[in-house]
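So the structure is just underneath, and the comments pick up after that.
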Amino acid sequence: MTAGLLEIGLNRALCIRKEHLSSCPEACRLLYISDIHLRRSRSERLGQQVLESVHQCRPDSVLLGGDLVDSRSELNRLSDLIGEIGNVAPVLAMGGNHDDHVGIERVKDAVTNGGGQWIHSNTAKIFHGSRVIAVSGPDARVNADGDVRILCAHNPAIWKTARQQSYHLVLAGHLHGCQMVAFEYRDRLFPGAFFYPYCYLSHQNGGSRLVVSRGVSDLVPIRWRCPREVVLCHV
């Protein structure tokens, strides 16, 4: 059910938010998807919405930013979803706090069984034309290699240290925009920013940009002025 800026339930299509680090027509297109939260009775619908977004965006690669599953029962569904995404674009994935609860090794196995690449503590390189785009997970060693250096994380609190490192782009989710947004001020969403200082949509610090996704799904599916989304980054 939806009414104006209020969204109740998971029926509305995911919003596709665009972030541009490059204005080049041949820019690499990376689709960041976080907080899918696959769970019984929702997985089929959420998976279909994610796939529709992937097909609409036609990215060069898909980055999964954690909180992929909420229970072990959905691990096979995660593998199937990654396999279907992989028919469109390569998948790089890392874990979030909900994945820790399920068992991070189990989630890793589900990702790799589906054909995805697990990068939680590693760096993957995407070759796009003559450029190399290095995508690191949150536990990877800081890597200065690559024409574009990206940190694919989950909790935006990592921005406190990552903004001082060599990343051009830091991707995070986790906060869901706090699901209710009254206003924005200095790049931050309120009232969430009263409680979480990194409750941003997008924020620039020198040569580094933080982009925080509002995520795909919530424990309680009610939102106000805070659309469920994926983020298409042109880098």
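Listed values, structure above:
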| item | result |
| --- | --- |
| Residues (among the basic types (Lys, Arg) and either in contact with a Gly (Cβ under 7 Å, 6 or more places away or on another chain) or surrounded by fewer than 12 Cβ atoms within 10 Å (Cβ to Cβ) (or both)) located in the stretch 1-47 | Lys18, Arg40 |
| Verdict on Asp80 being of a type outside the set (A, V, I, L, M, F, W, C) and over 16 Å from Thr112 (Cβ atoms) | no |
| Filter result for the condition that a residue is out of contact with any Cys (no Cβ under 7 Å at 6 or more places or on another chain), in a loop (DSSP other than H, G, I, E, B), modelled with pLDDT of 95 or more and surrounded by 15 or more Cβ atoms within 10 Å (Cβ to Cβ), over Val88, Val50, Val62 | Val88 |
| Restricting the stretch 166-182 to residues that are assigned to a loop (DSSP other than H, G, I, E, B) and surrounded by fewer than 20 Cβ atoms within 10 Å (Cβ to Cβ), the residue that is modelled with the lowest pLDDT | Ser166 |
| Answer residue from the stretch 189-235, given it is basic (Lys, Arg) and within 18 Å of the chain's Cα centre (by Cα) and is farthest from Cys15 (Cα to Cα) among those | Arg209 |
| For Pro25: the one exception among (1) under 24 Å from Leu169 (Cβ atoms); (2) part of a helix (DSSP H, G or I) | (2) |
| Out of Asp139, Asp145, sole residue that is within 29 Å of Leu78 (Cα to Cα), assigned to a loop (DSSP other than H, G, I, E, B) and not small (Gly, Ala, Ser) | Asp139 |
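Conditions (1) polar (S, T, N, Q); (2) free of Cβ contacts under 8 Å to residues at least 40 places away in the same chain, marked per residue:
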position: Asp187; (1), (2): no, yes
position: Arg209; (1), (2): no, no
position: Ser213; (1), (2): yes, no
position: Arg223; (1), (2): no, no
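The values are calculated or read from the model by the stated rules, or taken from the named source; none is laboratory data. Please read all numbers here as calculations on a predicted model, not as lab measurements. All Cβ positions, even for glycine, are placed from backbone atoms using ideal geometry, and neighbour counts span all protein chains on display.
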